[in-house]
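Here's the structure we're looking at; comments come further down.
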Amino acid sequence: MAEEKSFDGDPSQVLAGLGGSWLWLLGSALATLVPGVLVLVWPDETLHVLAVLIGLYLLVIGGFRFVAAFAREELGERLTGLLLSILYVLAGVLCLRNPLQTISALSLIVGIVWLASGILTLYTAVAAKGLPHRGFVFGVAVLAIVAGVVVLAMPAESARALTRLVGLWLVLLGLAELVLALAWRARLTRSE
């Protein structure tokens, strides 16, 4: 049986314990998967609904990434996670601030976030020592980079095409994060 850790009320230790939990990874996966399914189920909804869903997704994932950053032991990994969480929150605020912005502006925000997220995740996959499932993390990073480039290359495409692309990407990313959370759970179970 795993030994209970005493955090003595230190917020960074509490956040580190929470961010390193497989349940936290599972929550992050579901926070990505659910908006993706909603976007795919209602592809004909207005840009307003898409912008709100994407904005909420970015804010929630920013919160998840912020907490997860505290589970990183190396300063470089922690800093990368914190920068990524700030990027997600800022992009979410931009999407929610003016939900009726043009499809090009929304595409630009989403494309930049995915591209930067992919690059930072790729850096973590390459630089982090002892990273479990490095190949899988590397693959997720490449998917994020490709999705960001595709969205940035075609920002003026129709709202329906972006909706399907965003929905499909969120579902794929959510499923990838779900697999990662379950793999993390299996690793924690084996180490007990």
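How would Tyr88, Tyr123 rank on accessible area, largest to smallest, probe 1.4 Å?
Tyr123, Tyr88
Which value in nm describes the separation of the simple spin-label points at Leu96 and Val37, placed 7 Å from the Cα toward the beta carbon?
2.3
Using 1/(1 + (r/R0)^6) with R0 = 41 angstrom and r between the beta carbons of Val179 and Ala105, what's the FRET efficiency to the nearest 0.05?
Computed FRET efficiency for Val179 and Ala105: 0.80.
Under a point spin-label approximation (7 Å from Cα along Cα-to-Cβ), what is the Ile86-Ser12 distance to one decimal in nm?
About 1.6 nm, to one decimal.
Using θ = phi - 60° and the Karplus curve 6.51 cos²θ - 1.76 cosθ + 1.60, what whole-Hz ³J(HN,Hα) does each residue of the stretch 136-153 get, with Gly and Pro shown as x?
5, 4, 4, x, 4, 5, 5, 4, 5, 5, 4, 4, x, 5, 4, 5, 5, 6
Which of the peptides 128-140, 59-71 is most tightly packed, and how do the rest follow, going by the mean number of other Cβ atoms within 10 Å of each residue?
59-71, 128-140
The values are calculated or read from the model by the stated rules, or taken from the named source; none is laboratory data. Being a predicted model, the structure only gives us computed values, none of them experimental. Note: ideal-geometry Cβ built from the backbone for every residue, glycine included; neighbour counts use all protein chains shown. What goes into the accessible areas is simple: the full protein's heavy atoms, side chains included, and nothing from ligands, DNA or RNA. Shrake-Rupley method; radii C 1.70, N 1.55, O 1.52, S 1.80 Å.
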